[in-house]
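Report on one structure; see the data block that follows.
The values are calculated or read from the model by the stated rules, or taken from the named source; none is laboratory data. As the structure is a computational prediction, the values presented were derived from the model and not from experiment. So basically every Cβ, Gly included, is an ideal-geometry build from the backbone, and we count neighbours across all protein chains shown. Remember, those area values only see protein heavy atoms, side chains included, never the ligands or the DNA or RNA. Shrake-Rupley method; radii C 1.70, N 1.55, O 1.52, S 1.80 Å.
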Amino acid sequence: ERLAFIRHCRILGLSLAEIHELQIFQDDPHQPCNAINALLDDHISHMRSQITALQALEKQLVSLRASCNNNREVDACGVLAGISEGSLHQQ
């Protein structure tokens, strides 16, 4: 049962530290769950930041892909030129 709980937490993207904290709460079930809600709110915020970063990365990749068509030779590849120019934005 405990391993299944850990597996479900990992599927939700929770870190081992977050899972450990949740297990501490499980072991003392007669306390308010405010801290659990706060932990999950923090995790949601972190996930939203990751989603935003991934969306920005996707835009960069789409832009790179649009810089080249299939009829070019490698030495004229817009993708390779774009990467080499360092025109990518750091997150």
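List of remarks:
- Qualifying residue in region 9-23 (condition: at pLDDT 95 or above, surrounded by 10 or more Cβ atoms within 10 Å (Cβ to Cβ), part of a loop (DSSP other than H, G, I, E, B) and among the hydroxyl-bearing types (Ser, Thr, Tyr)): yes
- Residues in region 63-91 that are among the small types (Gly, Ala, Ser), out of contact with any Gly (no Cβ under 7 Å at 6 or more places or on another chain) and not in a helix (DSSP H, G or I): GLY86, SER87.
- Flag for VAL74 being open to solvent by 80 Å² or more (accessible area, probe 1.4 Å) and on the phi < 0 side of the Ramachandran plot: yes
- Screening the candidates GLN60, GLN50 for the property of being modelled with pLDDT under 95, surrounded by 10 or more Cβ atoms within 10 Å (Cβ to Cβ), within 17 Å of the chain's Cα centre (by Cα) and not in a loop (DSSP other than H, G, I, E, B) yields one hit, GLN60.
- Any hit, region 81-88, residues being open to solvent by 70 Å² or more (accessible area, probe 1.4 Å) and touching a His at 6+ places or on another chain (Cβ under 9 Å): no
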